[in-house]
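Chemist: Structure in structure tokens, see below.
The values are calculated or read from the model by the stated rules, or taken from the named source; none is laboratory data. Predicted model, so just to flag it, every value in this text is computed and none were measured. When we count neighbours, we look across all protein chains shown, and the Cβ atoms used for this are built from the backbone with ideal geometry, even at glycine.
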């Protein structure tokens with residue numbers, strides 16, 4: 001999608017009325033009236049409290065909401081005349097635009113970056129409209145490392161329930177860490193901040209007409225920052241609130257994460273093929289935090305979907321996996337539920353064989369991503385069973401062991417990359 005179609009005439013007029021700014025905070029929406037109002041008011045309060053002398057704008061990129069999302073964002077505008085007791089030296093603007101096409105956080109990000117370049121913003125942040133646990137301090141924790149310490153990308157760390165973020169914990173974080181050598185806990189962030197320099201660099205990337213420019217763009221931003229030599233940090237925000245939804249679309253989530261990671265391997269072979277041991281990134285506050293409240297996820301359904309998927313997808317899996325790996329997978333699927341569990345070694349071998357098959361396009365790349373879904377469900381089942389009574393320390397120890405297996409097994413992926421399965 002071109003910048004011309006994003007920066008419509010009406011949106012351009014609004015941005016021109018805003019004038020140059022120091023900080024731009026983007027909020028993407030699509031029928032988020034239930035949560036976005038308090039989120040944007042908290043963003044506003046954080047900007048006024050911690051950055052009163054800097055020119056700021058809140059930009060809403062909306063996908064065609066049929067509720068009051070955009071009106072609630074616009075209501076965050078404030079001026080000294082409206083609030084004479086606010087200790088701010090600048091007017092805080094809030095503008096909204098609707099982008100064409102389907103809802104896409106990637107298109108929303110494209111909108112924010114194009115607007116930031118026009119307004120010459122030196123710092124850009126993005127906040128999810130579903131971040132119901134947001135506090136004004138989030139603005140300081142995300143933006144201060146950019147404005148004061150010259151970092152280029154600040155991603156969050158959160159306090160999560162131990163069953164939250166399983167895809168990040170068991171796949172996205174370990175893969176990103178193994179491939180790109182940085183221990184970034186949330187490489188696919190819903191909240192983050194970037195410097196104007198990184199914003200301009202990423203805006204100029206040739207991704208906006210490809211799928212990665214619509215789905216999983218935030219993950220590609222993290223990868224671009226690492227491989228481009230930009231300064232990366234992470235900052236602890238606090239609780240990661242949960243919004244009740246219908247069950248998430250796992251295949252879509254895999255396209256946004258695993259699909260982007262597999263795609264990135266093509267673009268960054270020279271980097272990841274030489275990167276060996278991972279390194280920590282500067283972290284402000286806690287690197288992780290876990291809550292242990294009782295929760296009863298539907299483990300049995302995950303197990304049943306795994307067994308059914310392995311049987312139903314056997315012809316597809318034969319084209320993706322090596323014979324020994326497929327044989328071990330089928331052996332596991334035949335075990336009674338109480339005896340079934342993945343080892344780290346098998347899981348990593350499966351993921352790396354999927355990555356190599358994606359590279360070689362042994363079948364449709366989208367079918368490869370879809371075929372991973374039932375196998376991931378099997379892994380998630382094992383995680384829930386194994387960690388039912390686990391402490392935060394034990395959980396972190398297991399995560400670290402999985403990450404180490406991903407890192408130590410990279411030679412196997414390189415062996416597969418240009419060779420046979």
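Chemist: Provide a single number: the residues in the stretch 357-375 that are in a helix (DSSP H, G or I) and touching a helix residue (DSSP H, G or I) at 6+ places or on another chain (Cβ under 7 Å).
Modeler: From the stretch 357-375, those in a helix (DSSP H, G or I) are 357-360, 365-375; that's our starting set.
Then drop every residue that is not touching a helix residue (DSSP H, G or I) at 6+ places or on another chain (Cβ under 7 Å), which leaves 357-359, 365, 367-375.
Looking only at that region, the number is 13.
Chemist: Suppose we filter the stretch 27-57 for residues that are touching a helix residue (DSSP H, G or I) at 6+ places or on another chain (Cβ under 6 Å), within 14 Å of residue 94 (Cα to Cα) and surrounded by fewer than 21 Cβ atoms within 10 Å (Cβ to Cβ); how many remain?
Modeler: So the answer is 1.
Chemist: Next question. Report whether or not residue 354 is crowded, with 20+ Cβ neighbours inside 10 Å, under 29 Å from the mean Cα position of the chain (by Cα) and not in a helix (DSSP H, G or I).
Modeler: Values: crowded, with 20+ Cβ neighbours inside 10 Å: yes; under 29 Å from the mean Cα position of the chain (by Cα): yes; not in a helix (DSSP H, G or I): no.
In short, no.
Chemist: Oh, and also: Based on what the data block shows, is residue 149 in contact with a helix residue (DSSP H, G or I) (Cβ under 6 Å, 6 or more places away or on another chain), surrounded by fewer than 24 Cβ atoms within 10 Å (Cβ to Cβ), assigned by TED's automatic domain parsing to the domain that holds residue 281 and in contact (Cβ under 8 Å) with a residue 40 or more places away in the chain?
Modeler: Working: in contact with a helix residue (DSSP H, G or I) (Cβ under 6 Å, 6 or more places away or on another chain): no; surrounded by fewer than 24 Cβ atoms within 10 Å (Cβ to Cβ): yes; assigned by TED's automatic domain parsing to the domain that holds residue 281: yes; in contact (Cβ under 8 Å) with a residue 40 or more places away in the chain: yes.
Against the criterion (in contact with a helix residue (DSSP H, G or I) (Cβ under 6 Å, 6 or more places away or on another chain), surrounded by fewer than 24 Cβ atoms within 10 Å (Cβ to Cβ), assigned by TED's automatic domain parsing to the domain that holds residue 281 and in contact (Cβ under 8 Å) with a residue 40 or more places away in the chain), residue 149 does not qualify.
Chemist: Which residue out of 120, 98 is touching a residue at least 12 places away in the same chain (Cβ under 8 Å) and on the phi > 0 side of the Ramachandran plot? Step through it out loud before you land on a result.
Modeler: Working: 98 fails: on the phi > 0 side of the Ramachandran plot.
The conditions single out 120.
Chemist: Tally the residues that are surrounded by fewer than 24 Cβ atoms within 10 Å (Cβ to Cβ), on the phi > 0 side of the Ramachandran plot and in contact (Cβ under 8 Å) with a residue 60 or more places away in the chain, restricting the search to the stretch 215-231.
Modeler: Final tally of qualifying residues: 0.
Chemist: If a residue has to be surrounded by fewer than 13 Cβ atoms within 10 Å (Cβ to Cβ), in contact (Cβ under 8 Å) with a residue 60 or more places away in the chain and not in a strand (DSSP E or B) to count, how many in the stretch 277-311 make the cut?
Modeler: The total comes to 4.
Chemist: Restricting attention to the stretch 245-265, does a residue exist that is surrounded by 14 or more Cβ atoms within 10 Å (Cβ to Cβ) and either part of a loop (DSSP other than H, G, I, E, B) or outside the structural domain of residue 56 (by TED's automatic domain parsing) (or both)?
Modeler: no
Chemist: Separate question: When residues of the stretch 173-214 are filtered for being crowded, with 24+ Cβ neighbours inside 10 Å and at pLDDT below 95, how many remain?
Modeler: Of the residues in the stretch 173-214, 0 are crowded, with 24+ Cβ neighbours inside 10 Å and at pLDDT below 95.
Chemist: How many residues does the stretch 220-244 contain that are within 22 Å of residue 132 (Cα to Cα) and either in contact with a helix residue (DSSP H, G or I) (Cβ under 7 Å, 6 or more places away or on another chain) or not in a loop (DSSP other than H, G, I, E, B) (or both)?
Modeler: Residues of the stretch 220-244 within 22 Å of residue 132 (Cα to Cα): 234-244.
Restricting the remaining residues to those that are either in contact with a helix residue (DSSP H, G or I) (Cβ under 7 Å, 6 or more places away or on another chain) or not in a loop (DSSP other than H, G, I, E, B) (or both) gives 234-239, 243.
Here the count works out to 7.
Chemist: Given the residues 362, 385, 348, which is the only one that is surrounded by 21 or more Cβ atoms within 10 Å (Cβ to Cβ) and out of contact with any strand residue (DSSP E or B) (no Cβ under 7 Å at 6 or more places or on another chain)?
Modeler: After ruling out the rest, the residue left standing is 348.
Chemist: Looking only at the stretch 395-420, count every residue that is under 15 Å from residue 325 (Cβ atoms), without any contact (Cβ under 8 Å) to a residue 24 or more places away in the chain and part of a helix (DSSP H, G or I) and tell me the total.
Modeler: The number of residues fulfilling the criteria is 1.
Chemist: Restrict the check to the stretch 152-168 and report whether at least one residue is surrounded by fewer than 21 Cβ atoms within 10 Å (Cβ to Cβ), over 22 Å from residue 250 (Cα atoms), in contact with a strand residue (DSSP E or B) (Cβ under 9 Å, 6 or more places away or on another chain) and modelled with pLDDT of 95 or more.
Modeler: no
Chemist: Check whether at least one residue in the stretch 366-375 is under 21 Å from the mean Cα position of the chain (by Cα), at pLDDT 95 or above, at negative phi and surrounded by fewer than 17 Cβ atoms within 10 Å (Cβ to Cβ), and report yes or no.
Modeler: Within the stretch 366-375, one or more residues are under 21 Å from the mean Cα position of the chain (by Cα), at pLDDT 95 or above, at negative phi and surrounded by fewer than 17 Cβ atoms within 10 Å (Cβ to Cβ).
Chemist: While we're on this one: Does residue 379 fit the bill of being surrounded by fewer than 20 Cβ atoms within 10 Å (Cβ to Cβ) and farther than 19 Å from residue 266 by Cα? Don't jump to the end; show me each part of the working.
Modeler: On the way: surrounded by fewer than 20 Cβ atoms within 10 Å (Cβ to Cβ): no; farther than 19 Å from residue 266 by Cα: yes.
Against the criterion (surrounded by fewer than 20 Cβ atoms within 10 Å (Cβ to Cβ) and farther than 19 Å from residue 266 by Cα), residue 379 does not qualify.
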